[in-house]
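Here the structure is laid out as structure tokens; the discussion comes afterwards.
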Amino acid sequence: MALASLAASLPVAATAAAVRFPFRFRIGRAMASAAAGASPARVAVVQMTSVGDVDANYATCSRLTKEAAASGVKFLCFPEVFSFIGSKDGEAMKLAEPLDGPIMQRYCSLAKESSMWLSLGGFQEKGPDDSHQYNTHVLIDDTGKVRSSYRKIHLFDVDVPGNMVYKESRFTAAGDTIVAVDSPFGRLGLTVCYDLRFPELYQILRFKHQAQVLLVPSAFTKITGEAHWEILLRARAIETQCYVIAAAQAGKHNEKRESYGDSIIIDPWGTVIARLPDRLSTGFAVADLDLSKVEAVRTRMPISEHRKFDSDWKPTPL
């Protein structure tokens, strides 16, 4: 059975505890309707080059957060592996810790001190056993509370053409929970990097869980980024009629690893509305999210009413 068809058979208000097959769904409290009538919210997307030094990466994140706060930003989105990128296999897993551990608590304090929501995509969370971590997208509110978290479902086990072989599952366990959560900036759908290549996840976030803003923190390789980064992001925005905020790692992290960069924000029509002028520089790009634009696009092109593939279709006769 297709994932979208299976999701259609599940109750819309399904909770993480109630639904286990094949994925669970975590639903936040209802705020989206109120947010739709709110004034535009100022958000920003970070671009950075993380290294194998937790303190150095935190210093960069702290500086950017304070600069963003001074610019009136209320929601700042960081890329995957923002806190650490190692140069040796298994190095990151040795630093993995629970979400109430000291590394994440520093970022919780940073959010509280800055009165800003933070999207921290791709944190090395302690996993189910001593040999695996989770690749976890953490959402912190402006009081410093972890509001929600999402463990990456699709793991990057790929032979990149002309580059190298990646085997994320060697040290990372896949998540099993699809996460949508309400915020002052609209209803957020949480994903991570390689998830971007699986449109059914974003279809579920939009059509089953009413997401208005899709978060895609990433560390795309240089090869795959050049080929597919922007086109995939714009496709996800267009087909779901959502804003997409895609924070990206950029440049050379060490002798073995290089990321494509190009952090961008895309509107529900598929237009890029914010990006840094240099796809490899460290900094952030700012945009004002207007949820009335989401509703306008969806009203004028009501694809949610025109969709056919959640219903049962007769097979083509042989």
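The values are calculated or read from the model by the stated rules, or taken from the named source; none is laboratory data. Computed from a predicted structure; not experimentally measured. FYI the Cβ positions are ideal-geometry reconstructions off the backbone, even for glycines, and counts take in every protein chain you see. To get the accessible areas, we keep the full protein, side chains included, count just its heavy atoms, and leave off ligands, DNA and RNA. Shrake-Rupley method; radii C 1.70, N 1.55, O 1.52, S 1.80 Å.
Take every DSSP beta bridge whose two residues both sit in the chain, then give the antiparallel share in percent to the nearest 5.
On the way: 38 of 61 bridges.
In the chain, approximately 60 percent of DSSP beta bridges are antiparallel ones.
Name the residue, out of 98, 268, 128, whose mean-square fluctuation peaks in a Gaussian network model built on the chain with Cα pairs under 10 Å.
Judging by the Gaussian network model, the answer is 128.
For the stretch 129-194, what's the radius of gyration and Dmax over Cα atoms, in angstrom?
For the stretch 129-194, the Cα radius of gyration and maximum Cα-Cα distance read 14.6, 45 Å.
Take the Cα of residue 307, step 7 Å along the line toward its Cβ, and report every residue of the stretch 188-231 whose backbone nitrogen sits under 15 Å from that point.
Counting only backbone N, you get 189, 199-214.
When the dipole is taken about the Cα centre of the stretch 41-304, and only Lys, Arg (+1) and Asp, Glu (-1) are charged at their Cβ, what size is it in debye, to the nearest 20? Walk me through the numbers on the way to the answer.
Details: 30 positive and 32 negative charges, 95 e Å.
Here the size comes out at about 460 debye.
What is the gain in length, in nm to one decimal, between residue 115 and residue 293 on full extension, counting 0.36 nm per residue of separation less the C-alpha to C-alpha distance? List each step's numbers first, then the result.
Working: separation 178, 0.36 × 178 = 64.08 nm, distance 2.60 nm.
Between residue 115 and residue 293, full extension yields an extra 61.5 nm.
Please check: in the Gaussian network model of the chain (C-alpha springs, under 10 Å), which one of 289, 232, 76 has the largest mean-square fluctuation.
232
At 222 nm, what value in deg cm²/dmol follows for the chain if DSSP H runs of at least 4 each add -39500 (n - 2.57) and the sum is divided by all its residues, to the nearest 500? Working shown, then result.
On the way: 8 runs with 83 residues, N = 318.
Helices in the chain give a 222 nm mean residue ellipticity of -8000 deg cm²/dmol.
Hey, what's the chain come to in accessible area per residue, 1.4 Å probe, Å²? Can you show the working numbers first?
Working: 14230 Å² over 318 residues.
Solvent-accessible surface per residue comes out at 45 Å².
Given the Cα-Cα distance of residue 158 and residue 200 and 0.36 nm per residue of separation, how much length would full extension add, in nm? Could the numbers behind the result be given before it?
Numbers: separation 42, 0.36 × 42 = 15.12 nm, distance 1.96 nm.
Fully extending the segment from residue 158 to residue 200 adds 13.2 nm.
Please report, to two decimal places, log10 I(q)/I(0) for the chain at q = 0.06, 0.09 Å⁻¹ as given by the Debye formula with identical point scatterers on the Cα atoms and no solvent.
-0.18, -0.42
If you take the square roots of the eigenvalues of the alpha-carbon gyration tensor of the stretch 93-225 and sort them as a ≥ b ≥ c, do you get rounded (a/c under 1.5), prolate (a/b over b/c) or oblate?
Working: a/c = 1.84, a/b = 1.22, b/c = 1.52.
Oblate.
Taking all protein chains as present, what is the carbon and sulfur share of the accessible area of the chain, in % to the nearest whole number, probe 1.4 Å? Present the calculation step by step, with values, prior to reporting the outcome.
Details: 7690 of 14230 Å².
Carbon with sulfur: 54 percent of the solvent-accessible area.
What ranking of 216, 54 comes out by heavy-atom accessible area, probe 1.4 Å, highest first? If you can, show how the numbers build up before the last one.
Working: 216 0, 54 35 Å².
Sorted by accessible area, descending: 54, 216.
How high is the relative contact order of the stretch 41-304, given as a whole-number percent (alpha carbon pairs under 8 Å, six or more residues apart)?
On the way: 642 pairs, mean separation 54.3, N = 264.
For the stretch 41-304, the relative contact order is 21 percent.
Report the calculated FRET efficiency for residue 88 and residue 67 (r = Cβ-Cβ distance, R0 = 35 Å), to the nearest 0.05.
On the way: r = 32 Å, r/R0 = 0.92.
For residue 88 and residue 67, the calculated efficiency is 0.65.
So which residue, out of 66, 145, 88, gets the largest mean-square fluctuation from a GNM of the chain using Cα contacts under 10 Å as springs?
Of the options given, 88 has the highest mean-square fluctuation.
How charged is the neighbourhood of residue 89? Take every other residue with its Cβ under 10 Å from the Cβ of residue 89, and add Lys/Arg as +1 and Asp/Glu as -1.
On the way: positive: 88, 167, 170, 256; negative: 91.
Local net charge: +3.
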